[in-house]
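Q: Mind having a look at this structure? Questions to follow.
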Amino acid sequence: MRTVFTDSQRADPRIQAADGILRSCVHCGFCAPACPTYRLTGNELDGPRGRIWLIRDLLETDTGTGAAPDPGVVTHLDRCVGCLACMPACPSGVDYRALIGIARDVVEERVRRNPWQRAMRAFLGRVLPNPRLFVALMRVIRPLVPLRRLLGGSVGAGLTLAAGGVVRGGRVAPGTYYPNGRSRGRVAMIAGCAQSVLAPEINSALIRILNRAGFEVVVLKDTACCGALNEHLGQGAATRKHARKVIAEVIGQADGAGLDAVIQTASGCGTLMKAYGSLFVGDAAWEALALRVAGLVRDAGDFLDGLGLSYPGPPRIQRVAWQAPCSLANGQGAGDIGAGLLRGAGFDVCVPSGGPECCGSAGTYNLTEPETATVLGVDKARALNDLAAGAVASSNFGCMMQLAPRLEVPAVHLVELIDWAQGGPTPRGLGGARRDG
């Protein structure tokens, strides 16, 4: 794709990065069939190729004119679910993840949204990444859940998610969790934001697995959010603020006793953390540190896959459907690992025929674009329900929350099932499940 940025525009590191990405696109269109919003609307501008044209025009517009982006352009960019299914389909290797992130950052700088959108997006960006504020929010809105169908829209969507989310005690405390026996390594883990409030047992399960495998686990302090939720909203400054906290804490640990990896239990977080370097392009103080940390980031399933985990009892016979989050499958290229881990633990694993199609969660997408998210969620849940499994396993809590109201069986995190197979506690919702033998 040809670009015509001015010298003054190229002074912005974001424009420099976007220029290289835009030029790598050859307009082949192989990305279109992979895009869920293009399949829904049939509109070229709701597909990756069309959005790339829009992004080029957006970035080439001279901000000195004071002209705001056309509302239609913003609508098509907002409608992108960020599933990254276009990236594996692209023969030219276009880094759409970085490009849509830049575009959203620029849109939020140049667009004055209507008062409701501004308030909602500011609220989500402030509250969701902060566990203390999120706990307070959940306690306030839980009594309003019965009104979700009446209210509809983003508010109704939020209340629907809240219906399945109960504040749980026992957030994993920052600190060091030592292995049961001889140590074979040391890893760091971020506690996470919403997941740590609504399902702290996920982090606890991973710590138990790693301790059994001989790993010392350091749960980082002051790093509740990696920045992914703010990136979905185009809030670049907040994204980088959260990222700097994570980077500083990881570097402090790595320069002390060393780290073999930085692990998280939400694949959406991992996808951003692996791309931390792109957040600080041109920032001499942070870019090298961000790239160093990004090189340490591993998804929980990906890390566990190479440990040769053992299972003490007979295999579990429960049939499990594996839901590969698109952030894991498309963003990290590791969508099949969870199914392999579950089979290794003795589960009978099945997968939907459509593969890692997006469920519509996508960070805050199910709140900012509830109509499209609902269609995607219903379609994905139907495909999973057709498998007649006893549970649906995932490695992203946002997907689990999005799918849970539409599933006929419990949604369980991958590491909870692995922990269970090793003799750990029965995951919530699987109280009636049994061990073979």
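The values are calculated or read from the model by the stated rules, or taken from the named source; none is laboratory data. What you are looking at is a predicted structure, and each value in this text was computed from that prediction instead of being measured. Cβ coordinates were reconstructed from backbone atoms using ideal geometry, including for glycine residues, and neighbour counts include every protein chain displayed.
Q: List the residue pairs whose Cβ atoms are under 7 Å apart, where the first residue sits in the stretch 200-229 and is more than 15 Å from Gln264 (Cβ to Cβ), the second is among the hydrophobic types (A, V, I, L, M, F, W, C), and the two are 6 or more positions apart or on different chains.
A: Pairs that qualify, where the first residue is more than 15 Å from Gln264 (Cβ to Cβ) and the partner is among the hydrophobic types (A, V, I, L, M, F, W, C), are Asn211/Val217; Ala213/Leu307; Ala213/Leu309.
Q: Further, regarding this structure: Right, Leu430: buried (at least 17 other Cβ atoms within 10 Å of the Cβ), at negative phi and either touching a helix residue (DSSP H, G or I) at 6+ places or on another chain (Cβ under 7 Å) or not in a loop (DSSP other than H, G, I, E, B) (or both) or not?
A: So Leu430 fails the test.
Q: For the stretch 5-53, which fully contained helices (runs of 4 or more DSSP H) count at least 2 residues that are surrounded by 19 or more Cβ atoms within 10 Å (Cβ to Cβ) and outside the structural domain of Ser278 (by TED's automatic domain parsing)?
A: Details: elements: 7-10, 13-24, 36-41.
Ranges flagged: 13-24, 36-41.
Q: Here is a follow-up. Given the conditions (1) at pLDDT below 90; (2) in contact with a helix residue (DSSP H, G or I) (Cβ under 7 Å, 6 or more places away or on another chain), report the number of the one that Leu376 does not fulfil.
A: Of everything listed in (1) at pLDDT below 90; (2) in contact with a helix residue (DSSP H, G or I) (Cβ under 7 Å, 6 or more places away or on another chain), Leu376 misses just condition (1).
Q: Mind telling me which of the residues Met87, Met120 ends up being within 21 Å of the chain's Cα centre (by Cα) and either loosely packed, with under 14 Cβ neighbours inside 10 Å or at pLDDT below 90 (or both)?
A: On the way: Met87 fails: either loosely packed, with under 14 Cβ neighbours inside 10 Å or at pLDDT below 90 (or both).
From the options Met87, Met120, the qualifying one is Met120.
Q: Taking interchain pairs and intrachain pairs at least six residues apart, which have beta carbon atoms under 7 angstrom, with the first residue in the stretch 40-61 and without any contact (Cβ under 8 Å) to a residue 40 or more places away in the chain and the second of a type in the set (S, T, N, Q)?
A: Close Cβ pairs satisfying both conditions: Asp46/Thr37.
Q: If you go through the stretch 304-321, how many residues are modelled with pLDDT of 90 or more, under 22 Å from Arg208 (Cα atoms) and in contact with a Phe, Trp or Tyr (Cβ under 9 Å, 6 or more places away or on another chain)?
A: 2
Q: Name the helices (runs of 4 or more DSSP H) wholly within the stretch 241-343 that hold at least 1 residues that are among the basic types (Lys, Arg)? Walk me through how you get there before you give the answer.
A: Values: elements: 267-273, 276-279, 287-294, 300-305, 326-329.
The qualifying helices (runs of 4 or more DSSP H) are 287-294.
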